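Please read the structure below before turning to the comments.
All of the numbers you see were taken from the coordinates with simple rules; none came from a lab. Note that the structure is a prediction, hence the values are computed from the model and not measured. Every residue, glycine as well, gets a Cβ built from its backbone with ideal geometry; the counts of neighbours run over all protein chains shown.
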Amino acid sequence: MFLRKTHIGKDKIQSVFGRIFRRKNFLRGVLSFCACLGMFCFYSWIYISVLHLETPKHARLRKEYEELHSRMNILRLRVEDVEATLEQLNIRDNDVYRSVFGLEPVSEEVRRAGYGGTDRFEHLTAGDFSGALTSMEKYINTVNKMAYVQSKSLDDVKQLSGRLGEMASCVPIIYPVFKENVQISSSFGYREDPVSHSYYKIHSGVDLSGKRGQPVFVTGDGVVKEAGRVLSGYGNTILIDHGFGYMTRYAHLDAVLVTCGQKVTRGEQIATLGNTGHSNGPHLHYEVIFRGSHKNPKNYMNSEMTAQEYASMVKLKEVPKKNKRKANGRKSSRK
Ligand SMILES: [Zn+2]
């Protein structure tokens, strides 16, 4: 009976010790694992944060990022080169090509205007490169717009260059009267009012004084835009539209020999010199207008042309006995 009890107690003791032993091994394993994990995290923190060393993946991503950044910078430099070339072309276009053919210069706003409307760069607003990509896309978009406007402008110039011969005969480049028979009594620019002498104002043309009834000739091919008493103070007036941005005005006329809408050619007599309107003596008030702005007519009157050359070019007209044609004041339909 005693021996049996002793045998049972021994098994139990062995079983209890076995469980304790296995539990200890398990706890030891868990502790070892946690210690290893802690050491790994600690060394990683030292590696990255203290020593500022990179993991292989981080190093590869950084290299790719730098390469992309470098490529974008090169691309931006190339676009800047294209933009600089376009800028030079734009300046030459406005100052030379369009100017020569009497075209309005294209403004900077028009050349650089965007496409407007919806946000075309919405797809680029996410990610690390979104700012740089959006900026680059907008930049390229502007350069494309500049190239398009420049191309359209050169199309206009090309079209006009085909009318070079027509333009040469339309630009007002001769004296409107026999220069031997007149003298410039008032130049272009600010002057005292010739009648009241009480104030100064801009004189938008030149005054060519001479005898009443002298022939007045149109200085370039064109179409009569206005004829008659149109502007207060100018008396009998003729306005000619020469195209290519040019217009000329002849004022204080005596007889008006053309009507609105009539085509005229350089050297054709269109009127006689007079003293009508706000005038203190017989003279021709002559204006040259280019793109809506008054220019000094003296710069357009060819002084090298001899009297014989001038006489052979002009065509005199018979002036009515009444010496005054009733002005109709209608405007031409030509734009
Ligand atoms: Zn005048």
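Helix 130-161: angle to the longest alpha-carbon principal axis of the chain, degrees 0 to 90, nearest 10? So the inclination is approximately 20 degrees.
The residue list V16, Y286, F33 was ranked by how far each Cα lies along the charge dipole of the chain toward its positive end, using unit charges on Cβ atoms, and V16 comes out on top.
Positive-end ranking of I74, N299, I91 along the dipole of the chain, with charges on Cβ about the Cα centre, is headed by I74.
About the centre of its Cα atoms, the chain shows a dipole size close to 2200 debye [charges on the beta carbon of Lys, Arg (+1) and Asp, Glu (-1) only; nearest 20 debye].
Pop out the Kirkwood hydrodynamic radius of segment 190-232 from its pairwise C-alpha distances, inverse of mean 1/r, in Å to one decimal.
Working: mean 1/r = 0.0729 Å⁻¹.
Taking the inverse mean of 1/r over all distinct Cα pairs, segment 190-232 comes out at 13.7 Å.
Largest GNM mean-square fluctuation among R98, R71, R249, using the chain with Cα springs under 10 Å: R71. Within the chain, the proportion of C-alpha pairs whose separation exceeds 25 Å stands at 70%.
Under 8 Å for C-alpha pairs, at least 6 residues apart: give me the relative contact order for segment 173-313, rounded to a whole percent.
Relative contact order, segment 173-313: 27 percent.
Taking the C-alpha atoms only, the angle from helix 2-45 to the longest principal axis of the chain is near 20 degrees.
Given K179/K317; K158/K225; K152/K263, which pairs have Cα atoms separated by over 21 Å?
Numbers: K179/K317 18 Å; K158/K225 27 Å; K152/K263 31 Å.
From the list (K179/K317; K158/K225; K152/K263), the Cα-Cα distance tops 21 Å for K158/K225; K152/K263.
Shape verdict for segment 173-313, please, from the Cα gyration tensor: rounded (a/c under 1.5), prolate (a/b greater than b/c) or oblate. Because its axes are fairly even, with a/c under 1.5, segment 173-313 counts as rounded.
Taken along its three principal axes, the alpha carbon spread of segment 151-251 comes to 53, 29, 24 Å, from the longest extent down to the shortest. Packing around the peptides 215-228, 27-40, 272-285, 198-211, taken as the average count of other Cβ atoms within 10 Å per residue, puts them in this order, highest first: 215-228, 272-285, 198-211, 27-40. Relative to the longest principal axis of the Cα atoms of the chain, the long axis of helix 56-92 makes an angle of roughly 0 degrees. The mean sequence distance of close C-alpha pairs (under 8 Å, at least 6 residues apart), as a share of the length of the chain, puts its relative contact order at 14 percent.
Given a cut-off of under 8 Å on Cα pairs at least six residues apart, what relative contact order in percent is computed for segment 229-301?
Reported as a whole number, the value is 31 percent.
The ranking of F21, F178 from fewest to most other beta carbons within 10 Å of each one's beta carbon is F21, F178.
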